[in-house]
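Coordinate-derived values only; no laboratory data. Treat the numbers as computed from the prediction; the structure is a model and nothing was measured. Quick reminder, even Gly has a Cβ in these numbers, built from the backbone with ideal geometry, and neighbours come from all protein chains shown.
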Amino acid sequence: MTVQDTEFETLQQALKAHTGRFVDKKFDWHAFPSNDGFDELSRAQMRYIGAGGSPKVGDTSTLKPDHFTVSLIYKEPGKYAACHSHEIEESFLIIDGALIVGWEKDGEVCEVNLGPKDMILNAREIGHGFRVDGVEPVVMSISVDVGKPLPPVYHYHPKEHAPELARAFGAEPGKTIYFDPEGDHPLQKLMSKYVVRHSELATIWDDAGFTRKIYCGPGGVETDTCRKEMLGIPSRVGVKAFTRDVEDAFMVLEGSLTVGWEEDGEAVEVELGPRDLVKTPAGRPHWFRNNGAAAATVWYLVGSAEPEAVTFEAA
């Protein structure tokens with residue numbers, strides 16, 4: 001049972017219960033039991049919505065998942081994650097640092113290097129792992145596109161394979177190729193459909209006065225699960241209340257954002273700073289506004305892959 005299952009006396013209490021504050025959370029270094037005993041696999045997880053790929057589904061500090069999970073992952077230089085696969089899509093959005101992601105098939109691996117605001121949507125049933133070869137740690141947001149994912153299936157874990165093979169995600173020497181969106185190798189062609197470079201995305205100016213870069217959904221990576229976008233919200237720009245038939249979530253990456261809820265003529269608000277999050281349930285009228293002097297950069301997730309049905313109106 002999570003705190004969102006509680007009956008709230010006030011709308012303000014309900015909004016607070018659906019807010020995840022970065023400063024109120026802790027990174028969990030034991031979120032993934034399969035890493036225990038393998039220092040080279042160590043990583044920490046901070047859970048916001050659901051448990052993600054961790055079996056710690058009983059964490060009452062996390063928000064209740066519906067169609068997606070959200071967590072932060074911290075990975076230090078020299079560490080890697082063993083090659084594994086999921087029954088559902090899983091996205092990595094890089095916040096800080098540079099991350100190498102490898103996809104494996106039939107003993108061959110295609111590797112791509114991702115920087116800040118780049119994303120990869122890991123396809124279903126495709127073996128994938130990641131590694132930090134840079135000199136700075138990586139912080140990334142991971143979203144699994146289902147509320148309660150099944151445990152990952154490991155393909156090349158150092159418990160069962162040579163360390164060198166596991167670190168290369170299953171590629172023997174000479175079997176690693178590198179990402180090229182124009183390449184002819186089947187893995188290059190497949191991965192090119194799922195890699196998003198922030199600098200290469202079109203910037204769409206919404207009529208309400210903010211920008212959108214579409215990562216997943218119509219206009220971005222094709223998916224049948226969730227839409228994911230990067231919003232750029234200038235100072236003093238906001239929108240009027242809107243509703244959805246699915247949940248959505250705002251995670252602030254830069255700047256600040258005020259999110260408001262409305263019910264029976266009552267309005268309440270909360271201000272988010274970097275790495276704070278608000279999840280709004282389906283059917284709840286809500287809005288956002290940037291009261292800060294600087295522009296806000298916001299990671300925005302919607303629990304449906306359907307085309308945008310909301311017409312935002314400037315407040």
Given labels modelled 7 Å from the Cα in the Cβ direction, how far is it in nm from residue 176 to residue 40? 1.2 nm
Cα centroid of segment 53-115 to Cα centroid of segment 229-263, whole Å: 25 Å
In the Gaussian network model of the chain, springs joining C-alpha atoms below 10 Å, which of 129, 115, 53 carries the largest mean-square fluctuation? 115
With springs only between Cα atoms under 10 Å apart, run a GNM on the chain and tell me which of 249, 267, 241 wobbles the most. 267
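Relative contact order for segment 1-148: what percent, with Cα pairs under 8 Å and sequence separation of 6 or more?
26 percent.
Just rank 228, 25, 16, fewest to most, by other beta-carbon atoms within 10 angstrom.
Values: 228 27, 25 18, 16 15.
Least crowded to most crowded, the residues run 16, 25, 228.
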Mean Cα-pair separation over length for segment 200-302, i.e. relative contact order, pairs under 8 Å, 6 or more apart, %: 33 percent
Qualifying aspartates and glutamates (Cα of each under 17 Å from Cα of residue 240; at least 8 residues distant if same chain): 206, 207, 248, 262, 263, 264, 266, 269, 271, 308, 313
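Rank-order 137-148, 169-180 by packing density, defined as the average count of other C-beta atoms within 10 Å over each peptide's residues, highest first.
Working: 137-148: 20.7, 169-180: 16.1.
Per-residue Cβ counts within 10 Å, averaged per peptide and sorted highest first, yield 137-148, 169-180.
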Given points 7 Å out from each Cα along the Cα-Cβ axis, report the residue 7 to residue 266 separation in nanometres with one decimal. 1.5 nm
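Beta carbons within 10 angstrom, averaged per residue: use that to sort the peptides 84-91, 35-42, highest first. Please list the in-between numbers first.
On the way: 84-91: 20.5, 35-42: 14.8.
Top of the packing list down: 84-91, 35-42.
Relative contact order for the chain: what percent, with Cα pairs under 8 Å and sequence separation of 6 or more?
Numbers: 823 pairs, mean separation 52.8, N = 315.
After rounding, I find 17 percent.
Please list 154-167, 68-81, 287-300 highest first by mean number of surrounding beta-carbon atoms within 10 Å per residue.
On the way: 154-167: 16.4, 68-81: 21.7, 287-300: 19.1.
Per-residue mean Cβ counts within 10 Å order the peptides as 68-81, 287-300, 154-167.
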